[in-house]
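Trainee: Structure provided below as structure tokens; questions to follow.
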Amino acid sequence: MIDMDLGQGYRIQPITYQEYLDACARIEDRIFGDYFAFRWTDTRTPEQQARIQELGKMPKGIQVCLGLFFEGELIGWQYSEQLNAQTIVMKDTGWLADHQNKGLYSRLLPELLKLFEALGFEMVLSYHRQTNNQVILPKLKAGFFINGFRVDSYGMNVELIYAFNPDYREALHVRSGYRTPRGRMAELLGLSGV
């Protein structure tokens, strides 16, 4: 797990999933501001809500819960969760506005990628509001690719993907139409006999 000094009074270190949830309840509105989501709880019966809460308690595979601390106070987090045997999803990252734009995310991101690769994942996915350049640009600079778009309860999002396998990274270029498949890549895509 990551436990590191980010300098200038900042530290990133493991926290429990419950500590992450508690921090979200306490400061999430101050981090993400005026965003809005579909109000699922307003549409559920009490029985449906109880079932959703029970499902939420079920094991989720590997979870990475990190707290961002400034001079000992929890001011943000990074939460990632295993999607399947090969993929981890960076689900939630944020910290209070006074601590943004200080290069903290750019320092943390390579360490997260090292951790995810060491855990054995082949891919990292993340979803961001299309205008969230504060996160999208550092991820693109770190080697993520735009993989698609989706609409969910938060609105329109861009999907980013990071692949550790260099052949798959090349396949993403080919699939996007950026490169023509030749040689080994054509074979890996099943196009060598075509």
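Trainee: Which chymotrypsin sites (Phe, Trp or Tyr not before Pro) from the stretch 1-57 combine a DSSP loop assignment with at most 12 other Cβ atoms within 10 Å? The partial results should precede the final answer.
Mentor: Numbers: sites: 10, 17, 20, 32, 35, 36, 38, 40; in loops: 35, 36, 38.
Answer in residue order: 35, 36, 38.
Trainee: Apply the a/c threshold of 1.5 to the C-alpha gyration tensor of the stretch 123-169 and tell me whether it is rounded, prolate or oblate.
Mentor: On the way: a/c = 3.07, a/b = 1.62, b/c = 1.90.
Note, shape of the stretch 123-169 comes out oblate.
Trainee: Any chance you could give the angle, 0 to 90 degrees and rounded to 10, that helix 166-175 forms with the longest Cα principal axis of the chain?
Mentor: 80 degrees
Trainee: A further question on this structure: Loop-only trypsin sites (Lys or Arg not before Pro) in the stretch 1-44, please: DSSP not H, G, I, E or B, and at most 10 other Cβ atoms within 10 Å. Could you put the intermediate results ahead of the total?
Mentor: Working: sites: 11, 26, 30, 39, 44; in loops: 39, 44.
Those satisfying the criteria are 39.
Trainee: Compute a Gaussian network model of the chain, connecting alpha carbons closer than 10 Å, and tell me which residue from 110, 166, 46 fluctuates the most.
Mentor: Evaluated over the chain, the most mobile residue of the options is 46.
Trainee: What accessible area per residue, rounded to a whole number of Å², is obtained for the chain using a probe radius of 1.4 Å? Spell out each step's value before the answer.
Mentor: Numbers: 11730 Å² over 194 residues.
Here the residues of the chain average 60 Å² of exposed surface.
Trainee: Hey, what angle do you get for helix 17-32 against the long axis of the chain, alpha-carbon based, 0 to 90 degrees rounded to 10?
Mentor: The angle comes out near 90 degrees.
Trainee: OK, next. Do the sum for the chain: with -39,500 (n - 2.57) for every DSSP H run of n ≥ 4, divided by all residues, what is the mean residue ellipticity at 222 nm, to the nearest 500 deg cm²/dmol? Kindly include the intermediate steps, with their values, before the conclusion.
Mentor: Numbers: 6 runs with 67 residues, N = 194.
Calculated mean residue ellipticity at 222 nm is -10500 deg cm²/dmol.
Trainee: How much of the accessible area of the chain, probe 1.4 Å, is carbon plus sulfur, in whole percent?
Mentor: Values: 5940 of 11730 Å².
Roughly 51 percent, rounded to a whole number.
Trainee: I would also like to ask the following. Determine the distance separating the Cα centre of the stretch 131-194 from the Cα centre of the stretch 95-122; give it in Å without decimals.
Mentor: 20 Å
Trainee: Something else: Using a Gaussian network model of the chain whose springs link C-alpha atoms within less than 10 Å, name the residue from 43, 180, 87 with the highest mean-square fluctuation.
Mentor: Judging by the Gaussian network model, the answer is 43.
Trainee: Consider all pairwise Cα distances in the stretch 14-53 and report the whole-number % of them above 14 Å. If you can, show how the numbers build up before the last one.
Mentor: Numbers: 500 of 780 pairs.
So the pairs more than 14 Å apart make up 64 percent of the total in the stretch 14-53.
Trainee: At a threshold of 8 angstrom on Cα-Cα distance, excluding pairs fewer than six apart, so keeping six or more, what relative contact order does the stretch 116-186 reach in percent? Don't jump to the answer; show the numbers that get you there.
Mentor: On the way: 70 pairs, mean separation 21.9, N = 71.
So the answer I get is 31 percent.
Trainee: Calculate the length of the line joining the C-alpha centroid of the stretch 17-33 to that of the stretch 68-87, in whole Å.
Mentor: 11 Å
Trainee: Still on this structure, please answer the following. Just need the relative contact order of the stretch 1-104 here, percent rounded to a whole number, with Cα pairs under 8 Å and 6+ apart. Spell out each step's value before the answer.
Mentor: Numbers: 129 pairs, mean separation 28.9, N = 104.
Normalised by residue count, the contact order of the stretch 1-104 is 28 percent.
The values are calculated or read from the model by the stated rules, or taken from the named source; none is laboratory data. All of these numbers come straight from a predicted model, not from anything done at the bench. Quick reminder, even Gly has a Cβ in these numbers, built from the backbone with ideal geometry, and neighbours come from all protein chains shown. Heavy atoms of the whole protein, side chains included, go into the accessibility calculation; ligands, DNA and RNA do not. Shrake-Rupley method; radii C 1.70, N 1.55, O 1.52, S 1.80 Å.
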